[in-house]
Amino acid sequence: MMLGVTLRSMLGRKLSLAMTVLTLALSVALFMTIERLRVAVRDSFDGTISGVDVLVGARGSDLGLLLYTAFQIGDASPSMRWSSFLEVEQDDRVGWAVPISLGDSHRGYRVVATTSAYFDHVRTGRDRPLGFTAKNEALLNGFGVVLGAQVARTLGYQIGAAITVQHGLASAGDSSHKHQPFIVTGILEPTGTPNDYSLFVHIRAFEAIHEGWNGSVPSQGPDRHAGAEDRLAIDLSGPEFEPSRMTAVYVGLKSKRRIFQFIEDIEDRSRKEPLTGVLPGITLSHLWVLVGSAENALLIFSVLIVVVALAGQMTLLVATQDLRRREIAIYRAMGAQPMTIAGLLVTESAVIGVVAAVAGVVLTLLGTWLAGQVLGGYLKLDLNAFMLTTSQAQALVAFISVSVLAGLIPAVMAYRSSLQDGMRARF
Amino acid sequence: MTALVEATEMVFRRPGGYALRIPSFSISAGEAVAVLGASGSGKSTLLDLVGGVVRPTSGSLSLFEQSTLDLSYRALDRLRGENVGVIFQEHNLLPFATVYQNVALGVQFSRVRRERVIAPSLSEEITRLLRAMDLDANSLMHRPAHTLSVGQRQRVAAARALLGQPPLIIADEPTSALDEGNQSRFMTLLQEARRSSGAALLFVTHDARLIDGFDQIISLDDPAPTEREDP
Ligand SMILES: Nc1ncnc2c1ncn2[C@@H]1O[C@H](COP(=O)(O)OP(=O)(O)OP(=O)(O)O)[C@@H](O)[C@H]1O
Ligand SMILES: [Mg+2]
């Protein structure tokens, strides 16, 4: 019954309360969306190549190599020699090595030239292997191409479709390998990582189309007019399709204990080609330190906005306090203890806080969904809109608590004035 | 008969220098007591004392057979909730709440008083009391209080004061905003209803025409019970 009365009392002040709730909700949503994006960016980065122990590339910056190879960010890295890959692959300590060659694209999506071993060894998220939503046995045989989930979805490709790749990342232009179509042989499950936005072809097929494109060995090149089946059956094992250069190698070690020794050897200046060995986790944590202060500034700003909104709630409650002295005098006349009245006001703040939090969550989901639409493709994020992170849930609980605390101030005021007023409101 | 309220040599001083003195005063069960006095003579202050909102500065006051000296403010609040129905001069009702909610408020802060509701259900009892105050319960019950006329509001407040059978009803000039016809109608209805429930009435007014039918009349203008002190 008192809840009913409180609700009616609030309904009577619906405009000012609605404004307050809206302000609170927007501030909460802003904070939570920023937090969600932050967590999503980190999860996505940290989870992109979680099964890879060492990333090996040409001599250069660790971060640059990692960002370019795994995240498609930044300028092309200088290439490394194929012979260096073979050396790495044959190293005793190496359990597996997957070559990566980058540079081509298909309608704005990056083409990753690699081997089928990529699907066996690269993990995403918390060590989750790559899975297929659809595939046929050919995979990267011949001119097979495997699509990331997002590529397949946006472009509407299915198994068996023939697609051509293009030189460079430009989405228009004539520098395409038109006469060397690839046949879709597999579609990956969504991972929330750049894999979703990539196409995978065999590094030898990649070499083959570049040879053709160079025009140097057209007659020896595979038959350009073969049908889909035939294109998957094309034999590319010949030495003429062995690439000479490539971008990087993903390496899995037999024993992680020898990881630093391995990197030292890789980076040895006396090698034929000195290379760079990158520990993805450690290099990323350097990145987080770099961006951390900017992130913190953003978070502090959004927390401040929440604080301002809470101050607004408090102002409203305090400002309307005088108008409510009659209401309080009535409760007192009915025998209500000053504490009970304080409790009623705190309850009211709690209701405001909870409603604002719920509205904030709804706005956050909306905001996240929008951010996913606008930024998802650009940042290669998997923004699962209908999900709250733990940090968001904690923030919500903190927000509701502070909102209740904000209600304590008018409650204490009411407590005092009700002791003074007794049954009669004096003004 | 036991006295619901009993005061001897009661003095109440306000910080500003005002003092209310009542040498001897008592209200028995079922008795109707009128308090007369000019504005500022301390009528409302007396109701504050009887309601247990303030305690006398000196002398003794016992409410429902308990000395206010022995009671905490918390206990006094509880005593009021249980035993006293209150009607103000105005602003009796929560304007945003329905008539039903406003009346039900009478038993909201005291379990004892809620358990004294006699009819099978709270809403039936509220209906009965609204009818006793000559209000059309069916059509009014769920209307917000701010849509009522002043006369209706005062009668709703009376119904609330009667809810849960409190042994004492205190009313602070409840008719002063009403016209003459409405005043006597309100008095008649209130007297009838409180008589049938057996409640005593402490009724404050500065209008001597309203004191017909009261068992005891206290005049605060009388220099005997009150006097003014200059600080
Ligand atoms: N909270 C207060 N603080 C200080 N003085 C007060 C307070 N309440 C009342 N008084 C003073 O106490 C005296 C008695 O006031 P009270 O309200 O009891 O008079 P009243 O007889 O009810 O008058 P009225 O007929 O105008 O309602 C007045 O002089 C008033 O100014
Ligand atoms: Mg008065």
Practice prompt. Could you check how many residues of the stretch B:53-70 are more than 9 Å from every other protein chain (Cβ to nearest Cβ) and either open to solvent by less than 20 Å² (accessible area, probe 1.4 Å) or within 22 Å of B:ARG114 (Cα to Cα) (or both)?
Written response: 7
Discussion item. Condition (residue is in a helix (DSSP H, G or I), surrounded by fewer than 16 Cβ atoms within 10 Å (Cβ to Cβ) and more than 16 Å from ligand 2 (Cβ to nearest atom)) applied to the stretch B:158-168: is it met by at least one residue?
Written reply: no
Worksheet item: Based on what the data block shows, is B:VAL112 within 14 Å of another protein chain (Cβ to nearest Cβ) and under 21 Å from B:ALA3 (Cα atoms)?
Response: yes
Item to complete: Considering only residues that are aliphatic (A, V, I, L, M) and closer than 26 Å to B:PRO166 by Cα, look in the stretch B:11-45 and name the one that is farthest from ligand 1 (Cβ to nearest atom).
Response: B:ALA29
Worksheet entry | Single residue of A:ARG93, A:ARG59, A:ARG110, A:ARG36 found to be farther than 30 Å from A:ALA138 by Cβ, modelled with pLDDT of 85 or more and open to solvent by less than 50 Å² (accessible area, probe 1.4 Å) | A:ARG93
Item to complete: Could you tell me which residue of the stretch B:197-217 is nearest to ligand 2 (Cβ to nearest atom), considering only residues that are surrounded by 21 or more Cβ atoms within 10 Å (Cβ to Cβ) and assigned to a strand (DSSP E or B)?
Response: B:VAL204
Worksheet item: Residue check: is A:GLY312 farther than 30 Å from B:ASN102 by Cβ, in contact (Cβ under 8 Å) with a residue 24 or more places away in the chain and surrounded by fewer than 17 Cβ atoms within 10 Å (Cβ to Cβ)?
Response: yes
Practice prompt. Could you tell me which of the residues A:VAL291, A:VAL306 is in a helix (DSSP H, G or I), crowded, with 21+ Cβ neighbours inside 10 Å and away from every other protein chain (no Cβ under 14 Å)?
Written response: A:VAL306
Worksheet item: Consider A:THR6 against the criteria (1) surrounded by 18 or more Cβ atoms within 10 Å (Cβ to Cβ); (2) within 14 Å of chain B (Cβ to nearest Cβ): it satisfies all of them except one. Which criterion is unmet?
Response: (1)
Fill in: Failed item in (1) open to solvent by 90 Å² or more (accessible area, probe 1.4 Å); (2) outside the structural domain of A:ILE163 (by TED's automatic domain parsing), with A:PHE260 passing the rest
(2)
Fill in: Residues (away from ligand 1 (no atom under 16 Å from the Cβ) and either over 11 Å from B:SER58 (Cα atoms) or surrounded by 15 or more Cβ atoms within 10 Å (Cβ to Cβ) (or both)) located in the stretch B:1-10
B:MET1, B:THR2, B:ALA3, B:LEU4, B:VAL5, B:GLU6
Worksheet item: Which one of the conditions (1) in contact with a helix residue (DSSP H, G or I) (Cβ under 9 Å, 6 or more places away or on another chain); (2) under 24 Å from A:ALA406 (Cα atoms) does A:ARG271 fail to meet, given that it meets all the rest?
Response: (2)
Item to complete: Search the stretch B:34-55 for residues that are touching a residue at least 60 places away in the same chain (Cβ under 8 Å) and pair each with any residue that is within 6 Å of ligand 1 (Cβ to nearest atom) and assigned to a loop (DSSP other than H, G, I, E, B) when their beta-carbon atoms are under 7 Å apart and the residues are at least 6 apart or on different chains.
Response: B:LEU36/B:HIS206; B:GLY37/B:HIS206; B:ALA38/B:HIS206; B:SER39/B:HIS206; B:LYS43/B:GLY37
Discussion item. I'm trying to understand the selection: among the residues of the stretch B:23-36, which are within 16 Å of ligand 2 (Cβ to nearest atom) and of a type in the set (Gly, Ala, Ser)?
Written reply: B:ALA34
Worksheet item: Looking at B:GLN154, B:GLN191, B:GLN183, which is the one that is assigned to a helix (DSSP H, G or I) and within 16 Å of ligand 2 (Cβ to nearest atom)?
Response: B:GLN154
Practice prompt. Filter the stretch B:37-49 for residues that are more than 10 Å from ligand 2 (Cβ to nearest atom) and buried (at least 21 other Cβ atoms within 10 Å of the Cβ) and give the result.
Written response: B:LEU49
Worksheet item: Given the stretch A:319-427, what helices (runs of 4 or more DSSP H) lie entirely inside it while holding 2 or more residues that are at pLDDT below 75?
Response: A:338-379, A:390-421
Worksheet entry | Tally of residues being closer than 24 Å to A:LEU86 by Cα and assigned to a loop (DSSP other than H, G, I, E, B) across the stretch A:109-158 | 8
Item to complete: Might you check whether a residue that is closer than 15 Å to A:ASP196 by Cβ, open to solvent by less than 30 Å² (accessible area, probe 1.4 Å) and among the aliphatic types (A, V, I, L, M) occurs anywhere in the stretch A:116-126?
Response: yes
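Any idea which residue in the stretch B:93-108 is most open to solvent (accessible area, probe 1.4 Å), counting only those that are facing chain A (nearest Cβ under 7 Å) and touching a residue at least 24 places away in the same chain (Cβ under 8 Å)? Break it down into steps so the answer makes sense when it comes.
Restricting attention to the stretch B:93-108, the residues satisfying the condition of being facing chain A (nearest Cβ under 7 Å) are B:94, B:96-97, B:101, B:104-106, B:108.
Those still in the list that are touching a residue at least 24 places away in the same chain (Cβ under 8 Å) too: B:94, B:96-97, B:104-106.
On the way: B:LEU94: 2, B:PHE96: 39, B:ALA97: 1, B:ALA104: 0, B:LEU105: 0, B:GLY106: 1 Å².
The qualifying residue most open to solvent (accessible area, probe 1.4 Å) is B:PHE96.
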Discussion item. Any residue at all in the stretch B:50-61 that's within 16 Å of ligand 2 (Cβ to nearest atom), out of contact with any Gly (no Cβ under 7 Å at 6 or more places or on another chain) and under 19 Å from B:VAL107 (Cβ atoms)?
Written reply: yes
Worksheet item: Yes or no: B:ILE126 more than 8 Å from chain A (Cβ to nearest Cβ), within 16 Å of ligand 1 (Cβ to nearest atom) and open to solvent by less than 10 Å² (accessible area, probe 1.4 Å)?
Response: no
Discussion item. Checking A:LEU147 against (1) of a type outside the set (Val, Ile, Thr); (2) open to solvent by less than 10 Å² (accessible area, probe 1.4 Å); (3) at pLDDT below 90, only one condition comes out false. Which one?
Written reply: (3)
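The values are calculated or read from the model by the stated rules, or taken from the named source; none is laboratory data. Values in this document were obtained by computation on a predicted structure and should not be read as measured data. Neighbour counts run over all protein chains shown; Cβ positions are idealised from the backbone, glycine included. Accessible surface areas use protein heavy atoms only, side chains included; no ligands, DNA or RNA. Shrake-Rupley method; radii C 1.70, N 1.55, O 1.52, S 1.80 Å.
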